[in-house]
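Following: one structure in structure tokens, then a few remarks.
The values are calculated or read from the model by the stated rules, or taken from the named source; none is laboratory data. On a predicted model such as this, the values are computed, not experimentally measured, just so you know. Cβ atoms come from the backbone with ideal geometry, glycine included; neighbour counts cover every protein chain shown.
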Amino acid sequence: MTLLILMPDRDVTALATALNKINPDLDIRIWPEVGPTQDIEYVIVWNHPSGELNKFPNLKVIASYGAGVDHILKDPDLPEQAIITRLVDDSLSRQMCEYIAGVILNQRLRLTEYREYQAATHWSPKAPRSGNVVCLLGLGNIGLEVARYLTNLNFTVRGWSQSPKDIDRIKTFHGPNQLDAALTDADYIVCLLPLTPQTTNILDKTFFHKTKKGAYLINVGRGGHLNEDDLMDALYQEQLSGACLDVFRTEPLPEDHPFWRHPRIYLTPHSASVTNIGLAARKLYENYLNMQKNLPLLNRINMTKGY
């Protein structure tokens with residue numbers, strides 16, 4: 001059985017080394033040097049070329065090198081027999097918790113504002129912002145951990161998801177009909193949703209009109225969740241007080257994109273949760289063994305839901 005790493009434009013040497021350290025006898029190939037295509041049964045992918053996976057007639061597992069699988073599902077020519085899995089590990093959840101809490105506290109305590117005052121040698125103490133209600137869009141593995149983390153920091157946390165959830169100390173909402181209620185009085189709105197046809201462009205003009213005036217948006221889901229023009233309008237109209245964006249429709253963000261220079265948009269380079277290579281290798285290898293032994297695969301996605 002052969003494992004293929006298929007991640008164009010990325011240096012995958014460290015991942016291959018980590019996998020070989022776990023099992024020196026593992027047959028690893030690195031795309032585009034795939035060798036005999038019939039050997040490939042397990043492939044680790046990120047942003048693969050459309051149609052490429054159909055070249056492997058015995059492919060059993062397509063493993064995403066990340067929590068998201070939208071980069072896989074956008075391929076209209078996926079092999080029907082292959083199971084798709086995603087990467088879930090504790091380090092990704094922990095990083096996301098710290099990132100979101102950091103962004104909220106930065107906004108609440110006016111730290112970026114004070115940095116601007118420093119540059120202008122301007123002394124003007126202000127009280128912290130009073131908003132304490134956080135609405136999380138998406139209550140999967142990572143969203144659940146973020147909800148608990150923020151609750152322990154004494155934020156009032158609400159969660160919205162496509163299907164019902166029952167989480168201690170967190171008021172939850174689900175389905176399109178309950179989105180308005182979830183957003184009511186939310187001071188901070190955090191998008192952690194998977195990208196599906198139902199959630200594409202969910203952060204649009206209609207959505208922003210439902211938010212509390214002056215709410216702050218944090219998007220750590222996918223760039224495809226956000227209608228960029230509608231965000232610019234919402235900021236101009238002061239429906240939103242600001243936004244922190246970690247994901248974008250085009251990455252890297254083009255140098256001429258207006259987000260770079262907008263005074264109320266805070267950007268980070270898709271760094272809210274960065275995969276730990278060693279931990280990822282162990283998770284990926286565990287599923288490789290499960291495939292060999294015909295055991296249930298971890299974090300298998302539901303093709304109907306798209307996550």
Practice item. Collect the residues in the stretch 1-46 that are assigned to a loop (DSSP other than H, G, I, E, B), touching a strand residue (DSSP E or B) at 6+ places or on another chain (Cβ under 9 Å) and loosely packed, with under 15 Cβ neighbours inside 10 Å, keeping them in residue-number order. Key: 1, 32, 35, 36
Revision key, fill the gap. Among 134, 157, the single one that is under 17 Å from residue 214 (Cα atoms) and in a strand (DSSP E or B) is 134
Review point. Taking interchain pairs and intrachain pairs at least six residues apart, which have beta carbon atoms under 8 angstrom, with the first residue in the stretch 40-61 and more than 14 Å from residue 85 (Cα to Cα) and the second hydroxyl-bearing (Ser, Thr, Tyr) and not in a loop (DSSP other than H, G, I, E, B)?
Key: 40/2; 55/37; 56/37; 57/37
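Considering only residues that are β-branched (Val, Ile, Thr) and under 14 Å from the mean Cα position of the chain (by Cα), look in the stretch 75-117 and name the one that is surrounded by the most Cβ atoms within 10 Å (Cβ to Cβ).
100
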**Study point:** Which numbered condition residue 109 fails, given (1) out of contact with any strand residue (DSSP E or B) (no Cβ under 8 Å at 6 or more places or on another chain); (2) hydrophobic (A, V, I, L, M, F, W, C); (3) closer than 22 Å to residue 295 by Cα
**Key:** (3)
**Study point:** Filter result (part of a loop (DSSP other than H, G, I, E, B) and of a type in the set (Ser, Thr, Tyr)) within the stretch 184-204
**Key:** 184, 196, 199, 200
Study note, to complete from the structure: (1) small (Gly, Ala, Ser); (2) free of Cβ contacts under 8 Å to residues at least 24 places away in the same chain; (3) part of a loop (DSSP other than H, G, I, E, B) all hold for residue 181 apart from (3)
Practice item. Among the residues of the stretch 205-235, count how many are in a loop (DSSP other than H, G, I, E, B), buried (at least 17 other Cβ atoms within 10 Å of the Cβ) and either modelled with pLDDT under 95 or not β-branched (Val, Ile, Thr) (or both). Key: 4
Review point. Just checking, how many residues over the stretch 205-233 are more than 23 Å from the chain's Cα centre (by Cα) and either under 16 Å from residue 258 (Cβ atoms) or hydrophobic (A, V, I, L, M, F, W, C) (or both)?
Key: 1
Revision key, fill the gap. Matching residues in the stretch 277-307 (in a loop (DSSP other than H, G, I, E, B), on the phi < 0 side of the Ramachandran plot and surrounded by 17 or more Cβ atoms within 10 Å (Cβ to Cβ)) number 3
